[in-house]
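**Q** This is the structure I want to talk about, given as structure tokens.
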Amino acid sequence: MTESTYRIQGGTGEWEVVIGLEVHAQITSESKLFSGASTEFGAEPNTQVSLVDAAMPGMLPTLNAECVRQAVRTGLAIDAQINKYSRFDRKNYFYADLPQGYQISQLYHPIVGEGVIQISLDEKDPDAHGKVIGVERIHIEQDAGKLMHDQHPTMSYVDLNRCGVALMEIVSKPDMTSPKEAAAYVRKLRSILRYVGSCDGNMEQGSMRADVNVSVRKPGGELGTRTETKNVNSMRFIQAVIEYEAQRQVDVIEDGGTVVQETRLFDPDKGETRSMRSKEDAHDYRYFPDPDLLPLELEDDFIFDCKASLPELPDEKRARYKNVLGLSAYNAAVLTAEHETALWFEELLETTDEPEKIASSAANWVTSELFGALNRMGLSIENSPVSPAQAAELLGLVADGTISGKIAKQVFEIMLETGDGAKKIVEEQGLKQESDTGAIEKVIADVMAANEDKVAQYRDGKDKLFGFFVGQTMKAMQGKANPQVVNELLKKTLG
Amino acid sequence: MTAIFEMGIADIRSGIADGDFTAKEVAETFIARVSAAKPLNAFLVETPDHALASAEAADKAKANGEALGKMAGVPIGMKDLFCTEGVPTTAASLILEGFTPQYESTVSSNLFKAGAGMLGKLNMDQFAMGSSNETSAFGNVISPWRRNDGGNADLAPGGSSGGSAAVVSGRIAPAATGTDTGGSIRQPAAFTGITGFKPTYGRCSRWGTIAFASSLDQAGPMAHDVRDCAIMLESMAGFDAKDSTSLDLPVPDWEAALNSNLAGKKIGIPKEYRVDNMPAEIDALWQKGIEMLKDAGATIVDVSLPHTKYALPAYYIIAPAEASSNLSRYDGVRYGLRDLPDGAGLQDMYAATREAGFGPEVKRRIMIGTYVLSAGYYDAYYTQAQKVRTLISQDFDKAWNSCDLLLTPTAPSAAFGLGEKSDDPLAMYLNDVFTVPSSLAGLPAMSVPAGLDGKGLPLGLQIIGKALDEQSVFNAGLAIEERAGFVAKPEQWW
Amino acid sequence: MSIDKETVKKIASLSRIAITEAEADAFVPELNQILGWVEQLGEVDCSKVEPMTAVIPNKLRLREDVVTDGAIRDKILANAPVAEHGFFAVPKVIE
């Protein structure tokens, strides 16, 4: 991988970047982690708040079973250690978005221990450029509320709707060494979470965001002091933070300064990070086990059921597409990156008893024709106007020679516009391909009669003229002749 | 017939059932008692309408021949730690001034469902932190009791449930709710000559009860006698899915199973409770208690609880640590006091609000709790204290190999005068020396009045039982009650 | 270990209590006395002891994932010192 090794060029030579990510992923659930209030996005302020979320005196937390299940399933999906004994701790600090004055989290005994995530730096050939990134732990915790600063000249407004929504914090090891690796890690993690169904991965709505830990060192040297840039909410920003922070830290060190271990914020407009107004006690969170909750103990049966409920995951699926279905590495990678794409593709394959036979052509069609069309229309595959069954019908017409590949494109466009089925369109618009040898032979005879000079030249060895005869025949048949049959008959007739 | 105001829960219940008087008469009697008791400063809020409405409901139910709840027509006092819907609740702290809960605590709700009415919210040590009621932001409660030395020194009713103890002993309410974190039911019960019961941790839901120390807080009844405590606890206790530490067990019919015959029961006398400087009168009372239990058929055995001396220091790490976190929510943002100095930012507002809103003892405990949890000290203090707590709990487990119950004094002294100990926090903490170990172990324990000291002040004995064995505690309490013949009452001077 | 006034002020700041100088002075001996007293716990050999987690053996119950609460904004805001447009309001925060 030497060609892609990421280095910062400093005045004193090259610097290596060490990156760790703490990804906060909102667990998909109807109600909050410790209260029965809804988690739905976009409600009126403070309407999805229970007395527990508002930390009214005497209120107590009760743990949501689904959040536990989803965290365990996520852990199993990355081959992680599931801790049958875990516990909730209070992280104490004062802020207006944190009504309790503490966040319930898991410091000392997280629910999920070490796991691994396979990343790829080249989508086209994932196996050739893979890397394993370690996951340190996954723990469950509460999200905070939201402050709005721009609604009043002297006050900030507090909305507690998000307060208490369940998050998984997925903590990587400091195993990444470039912005590209970090992005690949987040992309892969997001894919796994969406396959598992434990998080919708919606970064715009804040369902996934990352704290980015960056440090620099001389290649192979001692780890440097790291900074943590909080709440970075897009793949692009994560890369920007790393690039900016690495360069900034190198500059600081080379100017004779020292990097301060601190929390920073990313300003997307300026593409810079800046120190958060540092609070002297920011790091004294006085964690201790939450006395309102007992230790969480998981039964083997529960973990077994979690495991059994997992779908085929992206790595296994990609391997199967390649090895069993015979897809190209690229197609296998592209079709499995998003769970919805794979599901759509598999629904298409399920229309036949012998999926291996149509898999390659179907894969090509999905990755080129369908993706192209969806891209043009700005639609995701779940909202595709053409269903897998309709696509199968279209591909079937090509496979059995009813229409040519070229006509198929035309039919597909009509399908997108009208929603009609391929057979109906072919029927109604008379797009059926002519494969009747008698009819084609007749046309060929006419073409040869009209171009006797060219026939003579061809027979004298001017092979290039073959294409001319094909073109003329197809033209005479308005493109509907089966090109294969035309080829064969022409070869036979011209001799 | 005994005057209504002298009656407890069982008497009122049978009086109403027999038609001797109506629930409304009962409510009116006690409402008048409450009005006349202002010098004791026991009530923070009076709620006569609530008591009357419950009484009317009870009378109506009786007229319709419906079955009456266990507490039907019994007007009680409610410690101000229980959130009561539509009724201001402050935990006797300025920081909650003006706070009116929009919800009813599970315990008060259970009592109301059983037919109880509420006379008002009772004064207490601020956030239940204190043993004398002197930490209330609204002035201390004065005990109805006075020494027989002719002086009129105001005495502490004990704490933190001092208001509850005062009104029950002064016959201002037939019963009251209390909460006990390290002795807050038992010590004031002992100081005022009433019966107070702390159930097994998890019997009573903590939902809607303002938290002091979550792993220790338990609600319980404070009443005239053992039977009343049993009736009332049955109405307070029960599984509550809203409290993760609530025990999912049926509530036994403790009253029906009351039995003071202790034949076959072994009572342990823990030698470590014989502390230095224990007043002779307390020791003598303890001996008397032993004789009474023997008389009831029990066998007395000596037991050892070797880590007893470490209970109090462990408690004074664990309770403040939990409190420091539990009380973080009082920040002036969503309810209660807000102190916003000119130009103050959010964090300044927090600090100003909490400085103005919390009393000195609350601040002291928050400070201790913050310190013992802070970076570098957590293991040495908090983790060590929780380990010692394990040892204390194991001490009890070992004792249960040789006995069924423990008998100890409730407090190391009779009620002290207001102001006598308030300058020395540590001396005040030592009041809980006998009650704290069972709190740390979550065990059921009660205080029963068993005699008077030389100055005519009540003294209590404590019975500690195995987890979930409230019945044996009640039964031993009843055996003492029957034999002690404790009938002393404070003379009405207010 | 002994606590000085500076430590007292630091603890007060962590606790968000704006104590006065006089309070800080008073807290120094008080906290030292109390902490000195609790330090006797250090005498106990706890090398083979687990810290207590549940005082009465009990299991953490899990709640079913259904929406049973919320839509009570009036109750949530009823006691707010300052509430505007459905929000709690606090002095402006600069992040």
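The values are calculated or read from the model by the stated rules, or taken from the named source; none is laboratory data. Predicted model only: the values in this text are computed from it and were never measured. As a convention, Cβ positions derive from the backbone with ideal geometry for all residues, glycine included, and neighbour counts pool all protein chains shown.
**Q** When residues of segment C:14-64 are filtered for being hydrophobic (A, V, I, L, M, F, W, C) and either out of contact with any helix residue (DSSP H, G or I) (no Cβ under 9 Å at 6 or more places or on another chain) or not in a loop (DSSP other than H, G, I, E, B) (or both), how many remain?
**A** Summing the residues that are hydrophobic (A, V, I, L, M, F, W, C) and either out of contact with any helix residue (DSSP H, G or I) (no Cβ under 9 Å at 6 or more places or on another chain) or not in a loop (DSSP other than H, G, I, E, B) (or both) in segment C:14-64 gives 16.
**Q** Kindly indicate whether A:Val216 is assigned to a strand (DSSP E or B), crowded, with 22+ Cβ neighbours inside 10 Å and more than 14 Å from chain C (Cβ to nearest Cβ).
**A** For A:Val216, the condition - assigned to a strand (DSSP E or B), crowded, with 22+ Cβ neighbours inside 10 Å and more than 14 Å from chain C (Cβ to nearest Cβ) - is met.
**Q** Yes or no: segment B:174-187 includes at least one residue that is under 12 Å from the mean Cα position of the chain (by Cα), assigned to a helix (DSSP H, G or I) and of a type outside the set (A, V, I, L, M).
**A** Checked segment B:174-187: at least one residue is under 12 Å from the mean Cα position of the chain (by Cα), assigned to a helix (DSSP H, G or I) and of a type outside the set (A, V, I, L, M).
**Q** Only one of A:Ala363, A:Ala408, A:Ala342 is over 25 Å from A:Leu310 (Cβ atoms), in a helix (DSSP H, G or I) and of a type outside the set (S, T, N, Q). Can you tell me which?
**A** A:Ala408
**Q** Inside segment A:91-142, can you point out the residues that are of a type in the set (Val, Ile, Thr) and surrounded by fewer than 20 Cβ atoms within 10 Å (Cβ to Cβ)?
**A** Listed by number, the residues that qualify are A:Val116, A:Val132.
**Q** Do any residues in segment A:20-33 that are of a type in the set (Ser, Thr, Tyr) have Cβ atoms under 8 Å from those of residues that are surrounded by fewer than 20 Cβ atoms within 10 Å (Cβ to Cβ) and assigned to a loop (DSSP other than H, G, I, E, B), where the two are at least six apart or on different chains, and which pairs are they?
**A** Matching pairs, first to second residue: A:Thr28/A:Gly197; A:Thr28/A:Asp200; A:Ser31/C:Val66; A:Ser31/C:Val67; A:Ser31/C:Thr68.
**Q** Still on this structure: Would you pick out the residues in segment C:69-84 that are part of a loop (DSSP other than H, G, I, E, B) and either more than 7 Å from chain A (Cβ to nearest Cβ) or in contact with a Phe, Trp or Tyr (Cβ under 6 Å, 6 or more places away or on another chain) (or both)?
**A** Answer for segment C:69-84, where residues must be part of a loop (DSSP other than H, G, I, E, B) and either more than 7 Å from chain A (Cβ to nearest Cβ) or in contact with a Phe, Trp or Tyr (Cβ under 6 Å, 6 or more places away or on another chain) (or both): C:Ile72, C:Ala78, C:Asn79, C:Ala80, C:Pro81, C:Val82.
**Q** Give the residues of segment B:316-360 that are surrounded by 24 or more Cβ atoms within 10 Å (Cβ to Cβ) and of a type in the set (Asp, Glu), sorted by residue number.
**A** Listed by number, the residues that qualify are B:Glu322, B:Asp331.
**Q** Given the structure, is A:Val165 within 14 Å of chain C (Cβ to nearest Cβ), closer than 30 Å to B:Arg334 by Cα and under 23 Å from the mean Cα position of the chain (by Cα)?
**A** Here the answer is yes, as A:Val165 does meet what is asked.
**Q** Given (1) in contact with a Lys or Arg (Cβ under 7 Å, 6 or more places away or on another chain); (2) away from every other protein chain (no Cβ under 12 Å); (3) closer than 30 Å to B:Ala414 by Cβ, where does B:Asp80 come up short, assuming only one miss?
**A** Among (1) in contact with a Lys or Arg (Cβ under 7 Å, 6 or more places away or on another chain); (2) away from every other protein chain (no Cβ under 12 Å); (3) closer than 30 Å to B:Ala414 by Cβ, B:Asp80 violates only (2).
**Q** Related question: Counting only residues that are touching a residue at least 24 places away in the same chain (Cβ under 8 Å), part of a helix (DSSP H, G or I) and under 24 Å from A:Val366 (Cα atoms), which one in segment A:414-448 is farthest from the chain's Cα centre (by Cα)?
**A** The qualifying residue farthest from the chain's Cα centre (by Cα) is A:Val426.
**Q** Within 30 Å of B:Glu134 (Cβ to Cβ) and surrounded by 24 or more Cβ atoms within 10 Å (Cβ to Cβ): is that true of B:Met71 in this structure?
**A** no
**Q** Looking for something assigned to a helix (DSSP H, G or I), surrounded by 15 or more Cβ atoms within 10 Å (Cβ to Cβ) and at pLDDT below 95 - is there at least one such residue anywhere in segment A:234-241?
**A** There is at least one residue in segment A:234-241 that is assigned to a helix (DSSP H, G or I), surrounded by 15 or more Cβ atoms within 10 Å (Cβ to Cβ) and at pLDDT below 95.
**Q** Could you tell me which of the residues B:Val362, B:Val372 is closer than 23 Å to A:Met59 by Cα and either among the hydrophobic types (A, V, I, L, M, F, W, C) or in contact with a strand residue (DSSP E or B) (Cβ under 7 Å, 6 or more places away or on another chain) (or both)?
**A** On inspection, the qualifying residue turns out to be B:Val362.
**Q** Out of B:Glu85, B:Glu97, B:Glu104, I need the residue that is among the acidic types (Asp, Glu) and touching a strand residue (DSSP E or B) at 6+ places or on another chain (Cβ under 9 Å). Which one?
**A** B:Glu104
**Q** I would also like to ask the following. Criterion first (free of Cβ contacts under 8 Å to residues at least 24 places away in the same chain and within 25 Å of the chain's Cα centre (by Cα)) does B:Arg274 satisfy it?
**A** yes
**Q** For C:Val66, are the conditions met, namely being modelled with pLDDT of 95 or more, within 11 Å of chain A (Cβ to nearest Cβ) and surrounded by fewer than 15 Cβ atoms within 10 Å (Cβ to Cβ)?
**A** yes
**Q** Next question, about the same structure. Among the listed residues A:Leu147, A:Leu160, which satisfies the condition of being surrounded by fewer than 21 Cβ atoms within 10 Å (Cβ to Cβ) and over 27 Å from the mean Cα position of the chain (by Cα)?
**A** The unique qualifying residue is A:Leu147.
**Q** Do we have any residue at all in segment A:447-456 that's assigned by TED's automatic domain parsing to the domain that holds A:Met477 and within 13 Å of A:Ala481 (Cβ to Cβ)?
**A** Yes.
**Q** Assigned to a helix (DSSP H, G or I), within 20 Å of A:Leu325 (Cα to Cα), without any contact (Cβ under 8 Å) to a residue 24 or more places away in the chain and touching a helix residue (DSSP H, G or I) at 6+ places or on another chain (Cβ under 9 Å): is that true of A:Leu370 in this structure?
**A** yes
**Q** Being modelled with pLDDT of 95 or more, away from chain B (no Cβ under 14 Å), part of a loop (DSSP other than H, G, I, E, B) and out of contact with any Pro (no Cβ under 8 Å at 6 or more places or on another chain) is the requirement here; does A:Leu294 meet it?
**A** no
**Q** Also: When only residues in segment C:33-63 that are at the interface with chain A (Cβ under 7 Å from one of its Cβ atoms) and over 24 Å from the mean Cα position of the chain (by Cα) count, which is surrounded by the most Cβ atoms within 10 Å (Cβ to Cβ)?
**A** Only one residue fits best here, namely C:Arg63.
**Q** I'd like to verify a number: residues in segment B:203-235 that are farther than 18 Å from B:Ala189 by Cα and either touching a helix residue (DSSP H, G or I) at 6+ places or on another chain (Cβ under 8 Å) or within 13 Å of chain A (Cβ to nearest Cβ) (or both), how many?
**A** Matching residues across segment B:203-235 total 15.
**Q** Scan segment B:408-422 and tell me whether some residue there is within 13 Å of chain C (Cβ to nearest Cβ) and either among the charged types (D, E, K, R) or assigned to a helix (DSSP H, G or I) (or both).
**A** The answer is no, given that none of the residues of segment B:408-422 is within 13 Å of chain C (Cβ to nearest Cβ) and either among the charged types (D, E, K, R) or assigned to a helix (DSSP H, G or I) (or both).
**Q** Right, another one. Hey, among the residues in segment B:90-126 that are farther than 22 Å from B:Asp240 by Cβ and assigned to a helix (DSSP H, G or I), which one's nearest to the other protein chains (Cβ to nearest Cβ)?
**A** By that ranking, first place goes to B:Leu96.
**Q** Inside segment B:237-279, can you point out the residues that are more than 14 Å from chain A (Cβ to nearest Cβ), among the charged types (D, E, K, R) and part of a loop (DSSP other than H, G, I, E, B)?
**A** B:Asp253, B:Glu255, B:Lys265, B:Arg274, B:Asp276
**Q** Kindly state which strands (runs of 3 or more DSSP E) lie completely within segment A:36-141 and contain at least 1 residues that are in contact (Cβ under 8 Å) with a residue 40 or more places away in the chain, under 30 Å from A:Arg187 (Cβ atoms) and within 14 Å of chain B (Cβ to nearest Cβ).
**A** A:89-92, A:102-105
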